[in-house]
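K.L.:
The structure's right below; bear with me while I get my questions together.
The values are calculated or read from the model by the stated rules, or taken from the named source; none is laboratory data. Everything numeric in this text was worked out from a predicted model, so none of it was measured. Quick reminder, even Gly has a Cβ in these numbers, built from the backbone with ideal geometry, and neighbours come from all protein chains shown.
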Amino acid sequence: MCAGSGGWSPGGGTESPQLYDMAADPGETKNLAAARPEVVTRLTKLLETFVADGRSTPGEKQKNDVDVKIHKPAKK
């Protein structure tokens, strides 16, 4: 969900969230983001928390090694 991550690639043709059922679709052929916006929202908030806390594990907040900017699409 950061530039170049594959989840968001401005100018690369993929400017919307990607959500796949990796157990049923390991080849990532069916993007479920439009059908499951609640999952996209929940996972986006979780990612934002991980970035803000500098970690995905329990413990004190840490400083990120690099500046992280999460890409968000323009509101329509």
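One line per residue, one yes/no per condition, for (1) modelled with pLDDT under 90; (2) of a type in the set (D, E); (3) loosely packed, with under 10 Cβ neighbours inside 10 Å; (4) not in a helix (DSSP H, G or I):
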site: S5; (1), (2), (3), (4): yes, no, no, yes
site: G11; (1), (2), (3), (4): yes, no, yes, yes
site: R42; (1), (2), (3), (4): no, no, no, no
site: P58; (1), (2), (3), (4): no, no, yes, yes
site: K75; (1), (2), (3), (4): yes, no, yes, yes
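K.L.:
Separate question: Within the stretch 20-49, how many residues are within 11 Å of the chain's Cα centre (by Cα) and of a type in the set (F, W, Y)?
P.N.:
Of the residues in the stretch 20-49, 0 are within 11 Å of the chain's Cα centre (by Cα) and of a type in the set (F, W, Y).
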